[in-house]
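Here is the structure we will look at, set down as structure tokens.
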Amino acid sequence: MSNNLKMQASQDSIAHKIKIVILGSSTVGKSSLMWRFHDGSFILNRTSTKGLSDITKVIQANDKNVSLNVWDTAGQERYRSINYLYIRQAGGAIIVFDVTNRETFKELEMWIKEFTDHCEPSAKKILVGNKIDLVDQRVVSQKEARDFAKKHSMAYLETSAKDDIDVARSFQTIAEKIVEDKVSLASSIKNNDPLMIKPQSKKKKGCC
């Protein structure tokens, strides 16, 4: 099979195309999480994202092939004015803080507000506490983070981009939440479509 035919076959097998954004303060490890997920790479002291960057990866979610387009947003104040353009297009967000930096935890309220102010009402979000490999430097407890996530109706996961702990699981979780919502919506429309007019049964014509 030619490369073009292989590409077409791969595209045809994709059930859903999803866009998500990674939000959080600068230095929490958003880029490291994205690239670890994408190709397994990790660069210590990676430079902060300037503007936005993105990757696309096909994964399995709810037994379907899903093309996941991930946007890594800049955490610095001077770049935040363009984040909303991508938030509006996203089906969900991974909101990240650094478990060794309490200030990034305090700023979560701001990031959640930024997401909910600009996203579609159906968009999903999860909370991720990154850098759990730095055990001795941890300042935000798991309980505190879980309580915060529960308050905002979010799933909570802890990751280490450096040690590759639950990175893929984080992306898998948000993808599954979005797919579940898409499937549920499609089923609801199919079964209760107000625009669907049922055909009337034909009446038998009389003899005269």
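The values are calculated or read from the model by the stated rules, or taken from the named source; none is laboratory data. On a predicted model such as this, the values are computed, not experimentally measured, just so you know. As a convention, Cβ positions derive from the backbone with ideal geometry for all residues, glycine included, and neighbour counts pool all protein chains shown.
Taking residue 163 as the residue in question, decide whether it is part of a loop (DSSP other than H, G, I, E, B) and at pLDDT 95 or above.
On the way: part of a loop (DSSP other than H, G, I, E, B): yes; at pLDDT 95 or above: yes.
In short, yes.
Please determine, by comparing only the residues of the stretch 112-146 that are free of Cβ contacts under 8 Å to residues at least 12 places away in the same chain and in contact with a strand residue (DSSP E or B) (Cβ under 9 Å, 6 or more places away or on another chain), which one is nearest to residue 36 (Cα to Cα).
146
Which of (1) surrounded by 17 or more Cβ atoms within 10 Å (Cβ to Cβ); (2) at pLDDT 95 or above does residue 119 not meet, given it meets every other one?
Residue 119 satisfies all of (1) surrounded by 17 or more Cβ atoms within 10 Å (Cβ to Cβ); (2) at pLDDT 95 or above except (2).
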